[in-house]
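Encoded as structure tokens, the structure appears first; notes follow it.
The values are calculated or read from the model by the stated rules, or taken from the named source; none is laboratory data. Keep in mind that this is a model prediction, so the values were computed, not measured. Cβ placement follows ideal geometry from the backbone for every residue including glycine, while neighbour counts extend to all protein chains displayed.
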Amino acid sequence: MRFPAVAVLICLLSLLAVMGCGGGRSADQPDLVPVSGTVTVNGEPGAGVQVMFFPVEATRGNTCYGNTDATGRYELAAGSEQKGAPAGKYKVTCSKYVLPDGSDFKSDGSQSPEMAGAKELFPPRYSDQSQTELEATVPAGGGTLDFDLKTEQ
């Protein structure tokens, strides 16, 4: 009866070796460097802003994202367990949805902001990927990238 238990153990160990451990990046993914910064809106901390970096030109990797805290500070991630972003050039969007009563829209995954009656707080020049004026270059060693948004004319 020992043979089947040993065979199962060997199969499980083989499967783990093939899959790898800990959900790390695959070898073909670019290295990530730490990126953080602050978003201000009309000179005030931009709390609850979703910041997204979309790679452009020869920049490898996927979209990186972060959400600002109460002080407007964000830290980019390339996935749930992958902090940072690949070095390179990016188009950047800053977005924040608010409900009709002025409170922040908080997604629970059951409905989109539009379905909840929420409206985008920022103009398309900041919030729309195809119209954004925001750009950033992530240096090879990472760094701090701040954004000062002006919503008043």
*When only residues in the stretch 63-82 that are in contact with a Leu (Cβ under 7 Å, 6 or more places away or on another chain) and more than 15 Å from Asp146 (Cα to Cα) count, which is surrounded by the most Cβ atoms within 10 Å (Cβ to Cβ)?*
Cys64
*Taking only pairs six or more apart or across chains, which ones have beta-carbon atoms under 7 Å, a first residue in the stretch 100-119 that is under 16 Å from Gln50 (Cβ atoms), and a second residue that is assigned to a loop (DSSP other than H, G, I, E, B) and at pLDDT 90 or above?*
Asp104/Gly48; Phe105/Leu99; Phe105/Ala118; Ala116/Leu99; Ala118/Leu99
*What do you reckon, is Val51 modelled with pLDDT of 90 or more and either among the charged types (D, E, K, R) or surrounded by 10 or more Cβ atoms within 10 Å (Cβ to Cβ) (or both)?*
yes
*If you check every pair at least six apart or on different chains, which have Cβ atoms under 7 Å apart with a residue in the stretch 50-61 that is at positive phi and in a strand (DSSP E or B) first and a residue that is crowded, with 17+ Cβ neighbours inside 10 Å and at pLDDT 95 or above second?*
none
*Is it true that Lys96 is buried (at least 16 other Cβ atoms within 10 Å of the Cβ), among the charged types (D, E, K, R) and at negative phi?*
yes
*Kindly indicate which of Ala136, Ala116 is in a loop (DSSP other than H, G, I, E, B) and surrounded by 12 or more Cβ atoms within 10 Å (Cβ to Cβ).*
Ala116
*Sort out which residues of the stretch 96-113 are under 15 Å from Val39 (Cβ atoms) and assigned to a loop (DSSP other than H, G, I, E, B), and write them in order of number.*
Lys96
